[in-house]
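See structure below.
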Amino acid sequence: MNLIIFYNKPGCKTNTKQKKILRNSGCIIIERSLLHHDMQRNDLLMFFQDKPISEWFNPNAPVLKNGELDISLIDKEEALNLLMSNPILIKRPLLIVKNEKLSGFNQEKIEELLEIKIDLAV
């Protein structure tokens, strides 16, 4: 069984399309809201592993698009504080696939973990 825990922003069109793609590829999706997650700081940090801080953030978040926040000036602790207090900033989706935690929709990594080919046609 190809089970994926999928943390998303409810109503996000891109996340809705990604879930449909995964379901059409035979995956079972358990949806969780990024806006109301109950993760602790260290749980959230595990999704970003060795990625640079800039890749922890959703580049389409209004404060980033409007230039109100310069993430190049913040450290790991401040980044985690911002993400925990304002989950709309989190790069999405967050996925748990075969006990691996991923941020962003990485088709190649998902295919590798599940040993399937994902059909992007929706």
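No value in this document is a laboratory result; all are computed from the given coordinates. These numbers come from a predicted model, not from an experiment. Note: ideal-geometry Cβ built from the backbone for every residue, glycine included; neighbour counts use all protein chains shown.
Tell me yes or no: at least one residue of region 47-55 is in contact (Cβ under 8 Å) with a residue 24 or more places away in the chain, in contact with a strand residue (DSSP E or B) (Cβ under 7 Å, 6 or more places away or on another chain) and under 15 Å from N8 (Cβ atoms). Scanning region 47-55 turns up at least one residue that is in contact (Cβ under 8 Å) with a residue 24 or more places away in the chain, in contact with a strand residue (DSSP E or B) (Cβ under 7 Å, 6 or more places away or on another chain) and under 15 Å from N8 (Cβ atoms).
Across region 49-58, what is the total count of residues that are assigned to a loop (DSSP other than H, G, I, E, B) and farther than 17 Å from S85 by Cα? Here the count works out to 4.
This table checks each residue for (1) over 24 Å from M1 (Cα atoms); (2) surrounded by 11 or more Cβ atoms within 10 Å (Cβ to Cβ).
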{"position": "K13", "(1), (2)": "yes, no"}
{"position": "L22", "(1), (2)": "no, yes"}
{"position": "S25", "(1), (2)": "no, yes"}
{"position": "S33", "(1), (2)": "no, yes"}
{"position": "N66", "(1), (2)": "yes, no"}
{"position": "I90", "(1), (2)": "yes, yes"}
{"position": "I116", "(1), (2)": "no, yes"}
